[in-house]
Amino acid sequence: MLFTCIELWIPIILEMLSSTRLRCYQSSGPPNSLLKNITNFELRILEMFFKDESKHGVSVVDLYELVQHAGNILPRLYLLCTVGSVYIKSKEAPAKELLQDLLEMCHGVQHPIRGLFLRSYLAQISRDKLLDIGSDYKGDADTVMDAVEFILENFTEMNKLWVRMQLEGPGRVREKREKERSALQELVGKNLHVLSQIEGVDLEIYKETVLPRVLEQVVNSKDDLSQYYLMDCIIQVFPDEYHLQTLEMLLAACPQVQPTVDIKTVLSRLMDRLSKYTASSADVLTEFLQVEAFTKLSNAIEK
């Protein structure tokens with residue numbers, strides 16, 4: 001019965017992920033509606049089936065091994081992520097090891113669009129299983145940094161795939177590709193949003209690990225769309241307090257972006273956020289003046 005189920009679902013997943021269907025969604029609505037259809041309907045039903053052992057008579061451990069023999073790599077990895085979610089919930093194996101296993105296996109899909117959707121699905125099924133403070137899946141040796149590293153690695157790979165989209169197809173369709181990339185940018189930015197929601201990501205972790213790694217991707221991408229979106233995303237999703245304490249690091253990255261990036265607009269938004277933040281209390285205003293935030297921001301905008 002289990003093999004029959006897998007054989008039935010593989011063509012459905014393949015069809016949902018086909019380039020024809022994707023182009024259809026891009027012309028008639030946001031591309032992430034495809035992802036919602038996959039994760040919230042077909043794969044949700046499939047996960048419910050896998051979770052109920054009485055329906056198939058196979059332990060989750062054997063199930064995780066079994067789905068690795070699915071023929072096509074793309075549906076195989078969707079199946080692995082789906083079964084992996086059930087496996088982690090069973091607590092029969094460390095969440096950290098399973099998440100890392102799934103992360104490594106996702107390297108098998110290097111097609112930019114399909115890789116983006118696959119990794120976005122991985123990010124979705126892992127969201128409630130990350131090793132945050134108070135997590136049900138946190139082992140004795142696990143730390144919040146394990147969750148941070150998982151998200152940052154997935155973010156890095158997704159950004160690379162997203163940037164590579166501009167190289168797909170002939171040069172005459174560049175404008176169309178850029179519109180498609182703009183429509184898909186939230187899949188990449190969602191990782192930063194998840195990072196900002198991790199309770200254990202304090203100012204020290206943000207300053208020493210998160211921001212440097214994200215800015216490294218911003219600078220190294222050498223892509224104006226990626227640089228503008230990610231810089232704006234950093235400003236929008238992380239706390240104002242963190243921006244104030246890491247202002248020099250953020251501003252140091254600005255001269256390294258492509259000349260075509262509208263960095264002045266990004267910095268103006270940052271200044272607006274920090275201005276509202278300083279109005280919240282006298283202590284914040286004092287801190288704002290001590291780090292000379294207004295002067296630094298004004299100088300950066302004028303350059």
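The values are calculated or read from the model by the stated rules, or taken from the named source; none is laboratory data. Treat the numbers as computed from the prediction; the structure is a model and nothing was measured. Ideal geometry is used to build each Cβ from the backbone, glycine not excepted, and the neighbour counts take in all protein chains shown. In case anyone asks, the SASA skips ligands and DNA or RNA and just uses the protein heavy atoms, side chains included. Shrake-Rupley method; radii C 1.70, N 1.55, O 1.52, S 1.80 Å.
Could you please state how large a percent of the accessible area of the stretch 222-303 is carbon and sulfur, counting protein chains only and using a 1.4 Å probe? Could you put the intermediate results ahead of the total?
Details: 2240 of 4230 Å².
That share works out to 53 percent.
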Quick check on the stretch 217-256: take the gyration tensor over C-alpha atoms, sort the square-rooted eigenvalues as a ≥ b ≥ c, and tell me if it's rounded (a/c under 1.5), prolate or oblate.
oblate
In whole Hz, with x marking every Gly and Pro, tabulate ³J(HN,Hα) for the stretch 78-93 from phi via Karplus 6.51 cos²θ - 1.76 cosθ + 1.60, θ = phi - 60°.
5, 5, 4, 5, 5, 5, x, 4, 5, 4, 5, 4, 6, 6, 8, 8
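Would you mind calculating the relative contact order of the stretch 94-207 from Cα pairs under 8 angstrom and at least 6 residues apart, reporting the percent as a whole number? Please list the in-between numbers first.
Numbers: 95 pairs, mean separation 34.6, N = 114.
It comes to 30 percent, rounded to a whole number.
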Which aspartates and glutamates have a Cα lying under 13 Å from the Cα of Lys264, excluding residues fewer than 8 positions away in the same chain?
Asp232, Asp272, Glu302
Checking the cross-link filter: which aspartates and glutamates have an alpha carbon closer than 16 Å to that of Lys207, excluding same-chain neighbours under 8 positions apart?
Glu149, Glu199, Glu216, Asp240, Glu241, Glu248
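Beyond a 23 Å Cα-Cα separation, which of these cross-linked pairs lie in this structure: Lys179/Lys222; Lys129/Lys179; Lys190/Lys222?
Lys129/Lys179
How much accessible area per residue does the stretch 142-265 have, in Å², with a 1.4 Å probe? Walk me through the numbers before you get to the answer.
On the way: 5470 Å² over 124 residues.
Per residue, the stretch 142-265 has an accessible area of 44 Å².
Which whole-number percent is the relative contact order of the stretch 147-261 (Cα, under 8 Å, 6+ apart)? Show your work: numbers first, answer last.
Details: 78 pairs, mean separation 35.2, N = 115.
31 percent.
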Using the Karplus curve 6.51 cos²θ - 1.76 cosθ + 1.60 with θ = phi - 60°, work out ³J(HN,Hα) for each residue of the stretch 176-182 in order, rounded to whole Hz, and write x for Gly and Pro.
5, 5, 5, 5, 5, 5, 4
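Assuming 0.36 nm per residue, please report the length gained on full extension of the stretch His107 to Ser268 beyond their Cα-Cα distance.
Numbers: separation 161, 0.36 × 161 = 57.96 nm, distance 3.75 nm.
That works out to 54.2 nm of additional length.
Quick one: with all protein chains in place, what share of the accessible area of the stretch 90-171 is carbon or sulfur, to the nearest percent (1.4 Å probe)? Don't skip to the answer; put the middle values down first.
Numbers: 1730 of 3430 Å².
The C+S portion of the solvent-accessible surface of the stretch 90-171 is 51 percent.
Roughly speaking, what is the stretch gain from Ala282 to Gln258, that is 0.36 nm per residue apart minus the C-alpha to C-alpha distance, in nm to one decimal? Each step should come with its number before you reach the end.
On the way: separation 24, 0.36 × 24 = 8.64 nm, distance 3.75 nm.
Result: 4.9 nm gained on full extension.
Report the local net charge at Leu103: Lys and Arg +1, Asp and Glu -1, summed over other residues whose C-beta lies under 13 Å from its C-beta.
Values: positive: Lys96, Arg119, Lys129; negative: Glu97, Asp101, Glu104, Asp146, Glu149, Glu153, Glu157.
The answer is -4.
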Suppose all protein chains stay in the model; what accessible area per residue would a 1.4 Å probe give for the stretch 56-97, in Å²?
40 Å²
Report the charge-dipole magnitude of the stretch 129-280 in Debye, nearest 20, computed about the Cα centre from +1 at each Lys and Arg Cβ and -1 at each Asp and Glu Cβ.
920 debye
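Using a/c under 1.5 as the rounded threshold, could you call the stretch 171-248 rounded, prolate or oblate? The axes a ≥ b ≥ c are square roots of the C-alpha gyration tensor eigenvalues, and prolate needs a/b larger than b/c, oblate otherwise. Working shown, then result.
Working: a/c = 2.85, a/b = 2.09, b/c = 1.36.
Here the stretch 171-248 falls in the prolate category.
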In terms of the alpha carbon gyration tensor, root eigenvalues a ≥ b ≥ c, rounded if a/c is under 1.5 and otherwise prolate when a/b exceeds b/c or oblate, the stretch 106-263 is oblate
Phi-derived 3J(HN,Hα) across the stretch 272-282 with the Karplus relation (6.51, -1.76, 1.60, θ = phi - 60°), rounded Hz, x for Gly and Pro, is 4, 5, 5, 5, 5, 5, 5, 6, 6, 6, 5
